[in-house]
Number of protein chains: 2
Amino acid sequence: MASRRQEVLTAALDLLEEVGIDDLTVRRLAQRLGVQPGALYRHYPSKRALLDAMVGHIVAGAPAPAVPAGDWAGHLRAMAASGREGMLAHRDGARLLATFYDPGPDAVASFMRIVEVLRAAGAAERAAVVATDTVLAYVNGFTMEEQARRAATPRPERDRDFQAGLDLIIAGIGATLPPAP
Amino acid sequence: MASRRQEVLTAALDLLEEVGIDDLTVRRLAQRLGVQPGALYRHYPSKRALLDAMVGHIVAGAPAPAVPAGDWAGHLRAMAASGREGMLAHRDGARLLATFYDPGPDAVASFMRIVEVLRAAGAAERAAVVATDTVLAYVNGFTMEEQARRAATPRPERDRDFQAGLDLIIAGIGATLPPAP
DNA sequence: ACCTGAACACCGTTCAAGT
DNA sequence: ACCTGAACACCGTTCAAGT
């Protein structure tokens, strides 16, 4: 069922967990698959292409949960949480995303969905884009730093701090919106 | 006057500008200095140490400008602007910082200064730390993405968007502070 | 369709030896 | 103090040839 291409990708994701991105090597991956290094180029045209596929798998694996239609803050929180979760779920996930993430049509679509939700709440087009971009930048910056440090602080504290910063941004966005009916 | 160690560092920073971080190689650097690769290890114990020194030079080169004592928002803006500026001033600056930045005593001190300014404005200790961390995460996340895209949008627009997002966060922080006398 | 064998042009790092 | 020469253990990638 699983194509050889799939198996290579899965092995690469496993290897990432074991050795981290710096030691994720074409040759090591080949060894783990019991194959010569050059053989992998049948399945992916370059290491870069493999890393792109890994990133695609990571972002696809963190779908935003359903949120009530009118709840713009809930949408923002859901996007933020699923973005952070997707990165934290994999060793060096944030660095991998930051270095190799090229937003595909799905990412653009989910970005636009958030913008629409904010527009529906009364935000002007530009304000909605700025707000969405700001939350995104915060999520990436926070998670990057969080994962770079060697987990000095326990997870519940980090969750609390993440939420606190996000609430600050959401409060700022809320102040620019017309009051709810 | 300039030590050899300094000259190596300067050459490395020049090379970064020319070829980018991915092609910044010990061997290329040696060639540029007219020297054998191994010779560089007299001056820096490892490539990693060299990169750390480059990061130190970049962060030191972006000092925050003076700001009126009571102006907490001005302090936040100054920190944000100088952080972004320092990264944008060098090719791959954001990626370099994100990957090799280990905050030294200077960075901690300037972080604490901002926290103090917020405390003086009436913020509780934790709220002040959260606010400072949030701005920092935003700056890093925004600049990272800004530099990753191949400068599709012109600089003035990017400045405007950066400011707009920052203002959102500052508005959120302001809402948690007691009103100014 | 998938892999081997073998090469090519590179890496970072070490270390005796030279001046 | 600084550098050479030479090696070591690696990289990513290509490609004819095999099954």
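GNM on chain B, alpha-carbon springs under 10 angstrom: the most fluctuating residue among B:P37, B:P154, B:P103 is B:P154. Relative to the Cα centre, the charge distribution of chain B, modelled as +1 at Lys and Arg Cβ and -1 at Asp and Glu Cβ, gives a dipole magnitude of about 500 debye. Remark: label point of A:A164 defined 7 Å out from Cα along the Cα-Cβ vector; separations to the same position in other copies 3.0 nm, ascending. Sites listed here are trypsin sites (Lys or Arg not before Pro) in segment A:131-173 whose DSSP assignment is loop and whose Cβ has at most 13 other Cβ atoms within 10 Å: A:R149, A:R150. With a 10 Å cut-off around each Cβ of B:139-149, the average count of Cβ atoms from other chains is 5. Taking every alpha-carbon pair within chain B, the share separated by more than 26 Å comes to 40 percent. Across chain A, the relative contact order, built from alpha-carbon pairs under 8 Å that are at least six residues apart, equals 20 percent. Each copy carries A:L88; placing its label point 7 Å along the C-beta direction from Cα gives inter-copy distances of 3.2 nm, listed from smallest up. Between this copy and the others, label points of A:R32 are 3.4 nm apart in ascending order, each placed 7 angstrom from Cα in the Cβ direction.
Note that the protein assembly as shown shows a convex hull volume over its alpha carbon atoms of 175 Å³ per residue. Note on B:E85/A:V35: beta-carbon distance plugged into 1/(1 + (r/R0)^6) with R0 of 35 Å gives a FRET efficiency of 0.15. Available extension along the chain between B:R48 and B:D106 is 18.9 nm, counting 0.36 nm per residue and deducting the alpha carbon span. Averaging Cα coordinates gives a centre for segment A:33-96 and one for segment B:108-147; these two points are 28 Å apart.
Using C-alpha pairs below 8 Å separated by at least 6 residues, the relative contact order for segment B:20-106 is 28 percent.
Adding -39500 (n - 2.57) for every DSSP H run of four residues or longer, then dividing by how many residues chain B holds, sets the calculated 222 nm ellipticity at -22500 deg cm²/dmol.
Shown here is the pair-distance distribution of segment A:4-81: with all Cα-Cα distances grouped in 5 Å bins from zero up to the longest one, the shares run 3, 14, 23, 18, 10, 8, 8, 8, 5, 3, 1 percent.
Coordinate-derived values only; no laboratory data. Keep in mind it's a predicted model, so treat the numbers as computed, not measured. Neighbour counts run over all protein chains shown; Cβ positions are idealised from the backbone, glycine included.
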